[in-house]
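I have placed the structure first, in the form of structure tokens, so that the comments after it can refer back to it.
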Protein chains: 2
Amino acid sequence: MATASPDGVPYVVPLSLAWIEGRVVLALPAATRTARNLAATSKARLGVGPTRDVVLIDADLDRLLAVDEDEAATIGAGYAAQADWDPRTAPAGQVYAVLRPQRIQAWREVDEQEGRTLMRAGAWLT
Amino acid sequence: MATASPDGVPYVVPLSLAWIEGRVVLALPAATRTARNLAATSKARLGVGPTRDVVLIDADLDRLLAVDEDEAATIGAGYAAQADWDPRTAPAGQVYAVLRPQRIQAWREVDEQEGRTLMRAGAWLT
């Protein structure tokens, strides 16, 4: 999960994610550089999978939602079912970053560089 | 390899890398967003390894060096020996991004968050 500060310093950390109702959701502590960057710029780029067969997702922040808010119940259940940990039982201060995917690319090696874009401006290409 | 534009839009792509004379070297086409971001901000953050056992490197751009420059001969040999491809035989327009590591962290899971910094301000911690 890559983010950047408003003045262009990149940051990237490994995080679990879930797909819930057309959104990419990550749970993370509110007091992290990733959460602060997201709040400031609303922009993320995610790499999913191994180096030679990665899916790259450009996404905009929809909202940051505290794990213990009532609204977060559906997200919490979906997240725990898909990811390998449950933010609802984690130490306090976790938030869900709910991201709206804008562009999705399947990025293997040079031979796949053509036709690698699967979603553009939030719409799946067919 | 994560970079960002000067106004904070993150970018991340999978790339091979080599360690050469205390520098992290990546070969990539000059006409890519990663190369343009690097030229503009001089800042990169790299993740090496799988999600649950990743090494994260914050690095500053030392220089961008065209693959066919005389100066690049030593780098080219070292790169080809370590990475899984040889930029010297790739299509024209490749450059080496020579990066100076500033901070290195070993990032596994929550239990390793303490003591995870291995290099600070370019110096190995012992």
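The values are calculated or read from the model by the stated rules, or taken from the named source; none is laboratory data. Treat the numbers as computed from the prediction; the structure is a model and nothing was measured. Cβ sites come from the backbone with ideal geometry, for glycine too, and all protein chains shown count toward neighbours. Note: accessible area is taken over every heavy atom of the protein model, side chains too, but ligands, DNA and RNA are not part of it. Shrake-Rupley method; radii C 1.70, N 1.55, O 1.52, S 1.80 Å.
More than 25 Å from residue A:84 (Cβ to Cβ), more than 12 Å from the chain's Cα centre (by Cα) and not hydroxyl-bearing (Ser, Thr, Tyr): which single residue out of B:116, B:120, B:52 fits that description?
On the way: B:116 fails: more than 25 Å from residue A:84 (Cβ to Cβ); B:52 fails: more than 25 Å from residue A:84 (Cβ to Cβ).
Among B:116, B:120, B:52, only B:120 is more than 25 Å from residue A:84 (Cβ to Cβ), more than 12 Å from the chain's Cα centre (by Cα) and not hydroxyl-bearing (Ser, Thr, Tyr).
Evaluated against (1) open to solvent by less than 10 Å² (accessible area, probe 1.4 Å); (2) more than 7 Å from every other protein chain (Cβ to nearest Cβ), residue B:20 falls short on exactly one condition, (1).
Does residue A:30 satisfy the criteria of being in contact (Cβ under 8 Å) with a residue 40 or more places away in the chain, under 30 Å from residue B:6 (Cβ atoms) and away from chain B (no Cβ under 14 Å)? Yes. Residues in the range B:60-90 that are touching a residue at least 60 places away in the same chain (Cβ under 8 Å) and part of a loop (DSSP other than H, G, I, E, B) were compared, and the one that is farthest from the chain's Cα centre (by Cα) is B:90. Select from the range A:61-76 the residues that are of a type in the set (Asp, Glu) and under 17 Å from residue A:42 (Cα atoms) and list them in ascending order. Across the range A:61-76, the qualifying residue is only A:62.
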